[in-house]
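The values are calculated or read from the model by the stated rules, or taken from the named source; none is laboratory data. This is a predicted model, so every value here is computed, not measured. Note: ideal-geometry Cβ built from the backbone for every residue, glycine included; neighbour counts use all protein chains shown.
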Ligand code: GLC
């Protein structure tokens with residue numbers, strides 16, 4: 001079933017059937033003020049921190065309520081509905097709606113009973129409040145009197161969890177006030193005198209939240225949730241709407257809300273404009289903000305235009321036109337946008353991540369950065385610096401980097417205080433090794449080799465150049481080797497469900513280390529550090545030979561060794577005998593020779609591929625899990641226990657593409673692409689425009705259903721798999737190599753790319769219908785010796801033609 005379509009020109013996904021199989025959401029705002037909104041207006045808002053700055057309440061895992069509701073009531077017929085289909089949920093034969101999720105804004109249109117409404121939800125650029133701009137038009141041929149009511153449900157406590165569970169406290173710190181055109185909620189309002197006296201008490205700051213109505217005179221107001229809804233009523237039939245009257249009551253204890261009404265008398269064809277404003281604003285700030293929106297019909301379109309310009313300009317830095325409309329929608333808009341969301345929000349806030357993770361996961365964020373380097377390299381560099389400053393001076397990464405991270409002054413997993421505060425008991429084996437592909441991509445995209453000499457503090461103490469930081473990451477792995485001489489698995493490697501421990505060993509980390517040594521050697525050569533380059537070359541050769549010897553098993557690479565020395569992932573094991581990541585990483589790291597690469601990729605296709613993507617391993621753990629195989633706690637076919645782990649799709653795509661297997665790379669790409677599943681939403685369930693963490697594998701009765709929307713490393717990994725892999729855009733330190741691995745059926749494709757301040761217009765022609773390889777490359781009319789473009793040969797504008 002299909003519930004909507006991609007409007008590529010507007011960069012919007014348009015939901016035409018509102019009864020989607022799950023809430024399909026969008027992100028608004030920035031870390032100053034963030035908001036999540038579903039196609040039925042469900043969702044929440046927060047200032048600065050999803051964990052401790054919650055403003056609008058949302059009840060998780062409970063059918064997408066409450067939300068940013070706007071009710072419309074016809075005062076003659078007394079019929080009422082909502083501007084989003086839910087919460088009133090009118091019969092869809094009479095209620096027509098459209099939800100357009102765009103780049104950081106969402107529009108809801110509805111047509112019911114001769115009245116059309118359009119609500120634009122957004123957070124203005126660089127602002128810390130949200131706007132619900134409403135236009136209501138009378139499409140009938142008689143005069144209509146309507147009451148429009150906006151409803152915002154505040155949390156009592158800015159900490160989401162406290163709001164939900166600590167009711168003997170949180171219910172008694174809240175109260176609301178009405179003033180002219182807005183409701184103010186005060187949290188700890190009684191502390192105003194104490195704070196003024198300068199006394200020390202916990203939470204002495206009074207918290208303020210605003211809900212305002214601009215553009216029309218307020219005809220009714222209510223600041224108390226129970227009065228608005230009415231006991232034994234719900235969001236679908238609130239008393240404040242059904243009766244046509246808000247009772248003016250304020251909250252003092254229990255639950256606050258903001259509800260504000262305006263009465264509109266509309267002639268046929270007439271439109272009225274108003275706007276609801278939400279934010280964490282004190283009295284003066286609220287008055288000023290309300291004044292700004294006095295004429296919403298003038299202000300809101302301008303703010304929307306600025307928002308669109310900001311987003312669309314960033315995305316323009318890389319655009320493709322391939323024969324696959326779905327791939328175009330994803331790479332040009334939705335996957336890119338998804339990458340910015342993971343880059344910005346990490347795993348902090350979605351409808352699944354409830355906001356309690358108050359920091360960046362080291363590996364997650366370092367990987368997330370990769371997804372935006374080609375679009376916003378300097379923004380990426382800022383985050384790389386930040387993550388380098390969260391590397392401990394022993395080379396390991398802090399498993400969780402707090403949002404309040406203070407470089408040079410942080411505790412580490414070696415300190416009980418860090419463990420207590422973050423819940424992360426030990427280092428993970430892979431964290432800092434992700435820096436290599438990420439830093440390399442930044443250097444290659446920008447050519448900014450001076451970055452290597454920038455001095456950046458360590459998390460705990462001391463400082464070093466970026467180049468030295470990278471060397472320490474290698475040292476960390478070399479100082480944590482297991483009995484066979486491979487990197488120890490420690491508390492986890494990429495796979496959170498593998499506890500291999502200090503005496504167990506991980507092949508995945510071994511492959512990461514191979515790649516790290518290869519990159520560091522290249523950087524040493526670049527810097528003229530001959531001694532280091534020589535040492536790294538020897539380490540690379542020796543270590544590669546060791547890994548090859550230890551990890552090859554018949555037609556696959558194993559997953560590692562347990563603390564007891566058992567081998568995981570041998571062909572003959574009863575469970576978990578074939579793992580995806582070691583195969584893709586054997587190729588990505590450059591370890592597997594071409595014969596072995598062909599073998600393992602074939603093994604993967606035979607043993608792990610499905611119509612919805614490639615499973616993480618097979619068969620799932622059930623009766624033969626070793627002590628550290630935590631994946632066994634999950635149902636079979638789910639998550640790390642043989643689910644189709646979406647992030648890993650990007651790596652197998654990249655591996656196939658590096659081997660020139662365009663057909664297979666693209667078929668894997670399609671299988672797990674959200675846009676490709678637009679027509680089977682009843683199976684996928686998740687949004688068809690963003691990635692999820694995993695899809696249920698063939699061992700699940702719900703094969704094909706996807707979960708954990710938006711905030712997943714899949715976004716960046718897929719971006720890299722598609723752009724570097726399939727489309728073959730492979731910058732290196734001195735230029736750009738073009739090596740597409742595409743479906744042989746394609747006639748070609750074009751791309752526009754910004755690269756080191758220059759514009760590239762790239763045409764790939766495929767007259768012989770090859771899946772990889774090239775016969776010629778022309779740069780501005782001149783033939784190049786191979787498929788490489790040295791950066792110094794580029795003009796401001798460049799016409800590039802690659803013939804396959
Ligand atoms: C989740 C985690 C990520 C981990 C992956 C595999 O996506 O966020 O850190 O690598 O699961 O376990």
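Okay, residues lined up against (1) out of contact with any strand residue (DSSP E or B) (no Cβ under 6 Å at 6 or more places or on another chain); (2) over 30 Å from residue 31 (Cα atoms); (3) exposed (fewer than 14 other Cβ atoms within 10 Å of the Cβ); (4) modelled with pLDDT of 95 or more:
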{"site": "209", "(1), (2), (3), (4)": "no, no, no, yes"}
{"site": "212", "(1), (2), (3), (4)": "no, no, no, yes"}
{"site": "225", "(1), (2), (3), (4)": "no, no, no, yes"}
{"site": "230", "(1), (2), (3), (4)": "yes, yes, no, yes"}
{"site": "282", "(1), (2), (3), (4)": "no, no, no, yes"}
{"site": "293", "(1), (2), (3), (4)": "no, no, no, yes"}
{"site": "316", "(1), (2), (3), (4)": "yes, no, yes, yes"}
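Annotation: of all residues in region 410-424 being under 26 Å from the mean Cα position of the chain (by Cα) and either under 16 Å from residue 502 (Cβ atoms) or touching a residue at least 24 places away in the same chain (Cβ under 8 Å) (or both), the one that is nearest to the ligand (Cβ to nearest atom) is 424.
Tell me which residues, restricted to region 425-436, are buried (at least 20 other Cβ atoms within 10 Å of the Cβ) and part of a loop (DSSP other than H, G, I, E, B). Those that are buried (at least 20 other Cβ atoms within 10 Å of the Cβ) and part of a loop (DSSP other than H, G, I, E, B): 427, 429, 430. Within region 1-39, the residues that satisfy the criterion of being in contact with a strand residue (DSSP E or B) (Cβ under 6 Å, 6 or more places away or on another chain), more than 21 Å from residue 62 (Cα to Cα) and assigned to a loop (DSSP other than H, G, I, E, B) are 3, 16.
For region 709-735, the set of residues classified as in contact with a helix residue (DSSP H, G or I) (Cβ under 8 Å, 6 or more places away or on another chain), within 16 Å of the ligand (Cβ to nearest atom) and not in a helix (DSSP H, G or I) consists of 710, 711, 712, 713, listed by residue number. Just one of the numbered conditions (1) modelled with pLDDT of 95 or more; (2) over 23 Å from residue 497 (Cα atoms); (3) in a loop (DSSP other than H, G, I, E, B) is not true of residue 404: (1).
Quick check: anything in region 651-666 under 30 Å from residue 99 (Cβ atoms), surrounded by 24 or more Cβ atoms within 10 Å (Cβ to Cβ), at pLDDT 95 or above and within 16 Å of the ligand (Cβ to nearest atom)?
no
The strands (runs of 3 or more DSSP E) found entirely in region 437-507 that carry 1 or more residues being within 16 Å of the ligand (Cβ to nearest atom) and over 16 Å from residue 547 (Cα atoms) are 488-490.
When you go through 565, 590 one by one, which is the residue that is more than 28 Å from residue 623 (Cα to Cα) and not in a helix (DSSP H, G or I)? Result of the check over 565, 590: 590.
Restricting attention to region 362-391, and to residues there that are in contact with a strand residue (DSSP E or B) (Cβ under 8 Å, 6 or more places away or on another chain) and assigned to a loop (DSSP other than H, G, I, E, B), which single residue is nearest to the ligand (Cβ to nearest atom)? Going through the qualifying residues, I end up with 390. Here residue 757 meets the list (1) out of contact with any helix residue (DSSP H, G or I) (no Cβ under 6 Å at 6 or more places or on another chain); (2) on the phi < 0 side of the Ramachandran plot almost entirely, failing just condition (2).
I'd like to know if region 606-613 contains one or more residues that are under 24 Å from residue 482 (Cα atoms) and outside any loop (DSSP other than H, G, I, E, B). Reasoning before the result, please.
First, pick out the residues of region 606-613 that are under 24 Å from residue 482 (Cα atoms): none.
Looking for residues that are under 24 Å from residue 482 (Cα atoms) and outside any loop (DSSP other than H, G, I, E, B), one finds none in region 606-613, hence no.
Only one of the listed residues (50, 34) is over 24 Å from residue 273 (Cα atoms), within 17 Å of the chain's Cα centre (by Cα), crowded, with 19+ Cβ neighbours inside 10 Å and at pLDDT below 95. That residue is 50. If you go through region 695-708 and keep only what is surrounded by fewer than 23 Cβ atoms within 10 Å (Cβ to Cβ) and within 16 Å of the ligand (Cβ to nearest atom), you end up with 707, 708.
The single residue among 161, 98 that is under 31 Å from the mean Cα position of the chain (by Cα), surrounded by fewer than 19 Cβ atoms within 10 Å (Cβ to Cβ), in a helix (DSSP H, G or I) and in contact (Cβ under 8 Å) with a residue 60 or more places away in the chain turns out to be 161.
Looking only at region 442-463, filter to residues that are farther than 30 Å from residue 753 by Cβ and without any contact (Cβ under 8 Å) to a residue 60 or more places away in the chain; which one of those is surrounded by the fewest Cβ atoms within 10 Å (Cβ to Cβ)?
Filtering region 442-463 for residues that are farther than 30 Å from residue 753 by Cβ and without any contact (Cβ under 8 Å) to a residue 60 or more places away in the chain, the one surrounded by the fewest Cβ atoms within 10 Å (Cβ to Cβ) comes out as 455.
Within region 510-528, the residues that satisfy the criterion of being without any contact (Cβ under 8 Å) to a residue 60 or more places away in the chain and either assigned to a helix (DSSP H, G or I) or touching a helix residue (DSSP H, G or I) at 6+ places or on another chain (Cβ under 9 Å) (or both) are 510, 517, 521, 524, 525. Residue 277 meets the conditions (1) over 29 Å from the mean Cα position of the chain (by Cα); (2) surrounded by 19 or more Cβ atoms within 10 Å (Cβ to Cβ) in every case but one. The failed one is (1).
In region 736-754, of all residues being closer than 18 Å to residue 671 by Cα and buried (at least 24 other Cβ atoms within 10 Å of the Cβ), the one that is nearest to the ligand (Cβ to nearest atom) corresponds to 741.
Residue count for region 721-735 satisfying the condition of being surrounded by fewer than 23 Cβ atoms within 10 Å (Cβ to Cβ) and farther than 20 Å from residue 799 by Cα: 1. Before we move on, is residue 353 farther than 22 Å from residue 742 by Cβ and assigned to a loop (DSSP other than H, G, I, E, B)? Yes; evaluated as a whole, the condition is true for this residue.
Results for (1) closer than 22 Å to residue 551 by Cα; (2) at pLDDT below 95; (3) in contact with a helix residue (DSSP H, G or I) (Cβ under 8 Å, 6 or more places away or on another chain); (4) within 16 Å of the ligand (Cβ to nearest atom), shown as yes or no for each residue.
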| site | (1), (2), (3), (4) |
| --- | --- |
| 591 | yes, no, yes, no |
| 601 | yes, no, yes, no |
| 615 | yes, no, yes, yes |
| 632 | no, no, no, yes |
| 674 | no, no, yes, no |
| 678 | no, no, yes, no |
| 684 | no, no, yes, no |
| 693 | no, no, yes, yes |
